[in-house]
Structures are given as C-alpha cells and as structure tokens.
Amino acid sequence: LGLAQKPMFLVPNSRVLGTAKEFLQLYPAANILAPTEKDFKAKNRKRLMARIATGNWDAVIVGHSSFGLIPVSDETFNGFLQVEIDQLETYITEGKAEGMDTRMLREMEKAKKRLEVKLRDKNAAKRDAGTSFEELGVDLLFVDEAQAFKNLYFPTKMARVAGLPNSESNRAFDLYVKARYLTRRNNGRGVVFATGTPISNTMAEMFNTQRYLAADRLEQLGLSHFDAWAAQFGDTVSSLELAPD
C-alpha cells in the first residue's frame, strides 16, 4: 500500500466480510475495520464515522452502497457540481450557435436540470452532524469491481457515438467527487481501480476511467472534454475494439 496511512477499500456489498478475512490471512497483525450495512444506518453512522476518523486503521473495508452514505462537505460537493453545471451551460450555448442536433441539446438541458436539482437538494438538506469524508483521514481509495461506477455522465457534441452515458448515476458522481478530492490533495495520486472489465462496451468507459484517476492531467493536456479526447484517441480505441482476439 506504499505510503498510505489510512487506505479505504471499496468492494461489492457481499464481499465486505470476506475481504476482511482474506486481508487478515495475508496480514494477521493488521488493524482492520469492516463495517456492515447495520453500522451505516442513520442511528449508528455518526459513531462509525468517528471510529474511522480517530482509529489507526491499516484498512477500512466498505461496501459499494455504504460508501455513498459517507457525506462530503457542502463546499467540496457544491464546488465540483458547479463546475459540471458550468461546463454543460457552455456546451448548450455553443451547441445552439452551431445548430447542434435538437435531441442532443435536449439531453444536455435535461442533464443540466438534474445537476441543478442535486445542487438545490444538497443546499436545502439538513447537514449530518457527523464526520465528512474529508475529515476521515483517508488518503487512498482502492476500488474493487470499479466497472460498477462507469456510468458517469459527460456532455458531447458528437452524434452517432454508441454507448455514451445519457444519465447521471448518483453512485458514480459520488465516487467522482471523492476521487477528485483525493487526487488533488495527493498530487494526482490516491485512487486505484481494480476490474476485470475496464471496457465492456465503448471508448467512453476508458474516458471516464481517466476522469476518475487523472482528471487534472487531462485538463493540463486540454483533453478534459470528451470531444477533444475522442479526437485525439478515438481512432486508436475504435481499432482496438474491433480487433480480433
């Protein structure tokens, strides 16, 4: 685990206890916390967050669904959400000026409204008095079966590209915000994906994987928007997808 002080492992819900057992078989002296869904219930969550934050854990093992119950601060959430809304607004304005396909414009406008609702709901909600993700001290996210988070929406002006996500998965966006927070804190490091199927349908899945793991680097290269990324890599990835085994 390198220099990680408090790694958090995200695994399928049914694998939490099994993963903890396997971890202890490899590292018998390790200090492991593997909370169950019961620990994440509202009445127990505040205590659990405090345990994670104050304990000297060699590994915290959390189920995919439970991970979404760990809140990020309003500042972090609103900041990333506003960036996504602003990007959509830019795409919509440019698309109208360029005569973009009406259906694609409608999809972008729907996506923008969904994000605005998330922003409004977050600001209107009573903030949990418990500890936020940023306060837990987690410095590494190891995501097992990472393909479960691939449905991360992004806008595009490109038509006739199969397999593009047209809806925003709450699970995916939650991981995206937390991954961006960690990689920004750790100079581009801090998130590891493990999956046997990183690409099952289209190159859009590869783009989203890079957004999770190296979003700032994509921005530095001018490739943070799918259209620019696809223009750079689309032919190569399409050829790989069509290549025989």
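The values are calculated or read from the model by the stated rules, or taken from the named source; none is laboratory data. Computed from a predicted structure; not experimentally measured. Cβ coordinates were reconstructed from backbone atoms using ideal geometry, including for glycine residues, and neighbour counts include every protein chain displayed. Just so you know, the surface numbers come from the protein's heavy atoms only, side chains and all, with ligands and any DNA or RNA stripped out. Shrake-Rupley method; radii C 1.70, N 1.55, O 1.52, S 1.80 Å.
Going Cα to Cα from Lys6, which lysines come in below 27 Å? Please leave out same-chain ones fewer than 8 positions away. Candidates past the 8-residue exclusion: Lys21, Lys38, Lys41, Lys43, Lys46, Lys150, Lys178. As a length-normalised measure over Cα pairs under 8 Å and 6 or more apart, the relative contact order of the chain settles at 21 percent.
Note down the net charge around Ala146, summing +1 for each Lys or Arg and -1 for each Asp or Glu among other residues with Cβ under 12 Å from its Cβ. Here the charged neighbours net out to -1. When the Cα gyration tensor is reduced to axis lengths a ≥ b ≥ c, the ratio a/c is 1.5 or higher for segment 63-213, and with a/b not above b/c it is classed as oblate. Computed extension gain for Asn56 through Arg15, at 0.36 nm per residue and net of the alpha carbon distance, reaches 12.5 nm.
Summarising the amide proton neighbourhood of Leu140: residues at separation of 5 or more, or on other chains, whose placed amide H is nearer than 5 Å comprise Lys6, Met8. Filter the trypsin sites (Lys or Arg not before Pro) in segment 54-132 to those in DSSP coil with at most 11 other Cβ atoms within 10 Å of their Cβ, and list the result. Those that pass, being in a loop and sparsely packed, are Lys126, Arg127. Computed over the chain, the per-residue total of -39500 (n - 2.57) for DSSP H runs of n ≥ 4 gives a 222 nm mean residue ellipticity of -17000 deg cm²/dmol, rounded to 500.
Applied to segment 137-150, the Karplus parametrisation 6.51 cos²θ - 1.76 cosθ + 1.60 on θ = phi - 60° returns per-residue 3J(HN,Hα) values of x, 5, 10, 8, 10, 10, 9, 7, 6, 5, 4, 5, 10, 6 Hz, with x for Gly and Pro.
Sequence gap at least 6, Cα distance under 8 Å: using those rules, report the relative contact order of segment 1-147 to the nearest whole percent. Computed value for segment 1-147: 40 percent relative contact order.
Taking all protein chains together and a 1.4 Å probe, the residues His225, His64 rank His225, His64 from largest to smallest accessible area. Spatially, segment 20-35 and segment 202-228 are offset by 34 Å when compared through their Cα centroids.
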